[in-house]
1. Pull out all pairs, ordered by first then second residue, where Cβ-Cβ is under 9 Å, the residues are six or more apart or on different chains, the first lies in the stretch 44-62 and is open to solvent by 70 Å² or more (accessible area, probe 1.4 Å), and the second is modelled with pLDDT of 90 or more and outside any strand (DSSP E or B).
2. Report every pair of residues separated by at least 6 positions or lying on different chains whose Cβ atoms are under 8 Å apart, first residue within the stretch 15-34 and more than 10 Å from Phe59 (Cα to Cα) and free of Cβ contacts under 8 Å to residues at least 60 places away in the same chain, second surrounded by 11 or more Cβ atoms within 10 Å (Cβ to Cβ) and acidic (Asp, Glu).
3. I'd like to know if the stretch 16-26 contains one or more residues that are touching a Gly at 6+ places or on another chain (Cβ under 9 Å), hydrophobic (A, V, I, L, M, F, W, C) and at pLDDT 70 or above.
4. State yes or no: is Glu35 at pLDDT below 75, exposed (fewer than 11 other Cβ atoms within 10 Å of the Cβ), out of contact with any helix residue (DSSP H, G or I) (no Cβ under 9 Å at 6 or more places or on another chain) and charged (D, E, K, R)?
Amino acid sequence: MNQIFNRPIDFSKVETLVYHLPDGPAVTMKMNGFEEMFAMELELGEFCDTSDIDGVVHFFPRGNA
């Protein structure tokens, strides 16, 4: 069911990526030119894209989502 509603992230609108680690803490990263690198790496997990609202994408790697 997740595949039906999944839409690609437009990383040109993303200002901040919040990477949620498996044990609970999160790492916050400003995107400043890293858009292409993360577009490839975010395929193995779940994300919450609020970039239209506040410029933030939350990423939960597989096993933590």
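The values are calculated or read from the model by the stated rules, or taken from the named source; none is laboratory data. Note that the structure is a prediction, hence the values are computed from the model and not measured. Cβ atoms come from the backbone with ideal geometry, glycine included; neighbour counts cover every protein chain shown. Ligands, DNA and RNA are excluded from the accessible area calculation, which covers all protein heavy atoms including side chains. Shrake-Rupley method; radii C 1.70, N 1.55, O 1.52, S 1.80 Å.
1. Note: pairs meeting the criteria are Asp54/Glu15.
2. The qualifying pairs are Lys30/Glu15; Met31/Glu15.
3. no
4. Against the criterion (at pLDDT below 75, exposed (fewer than 11 other Cβ atoms within 10 Å of the Cβ), out of contact with any helix residue (DSSP H, G or I) (no Cβ under 9 Å at 6 or more places or on another chain) and charged (D, E, K, R)), Glu35 does not qualify.
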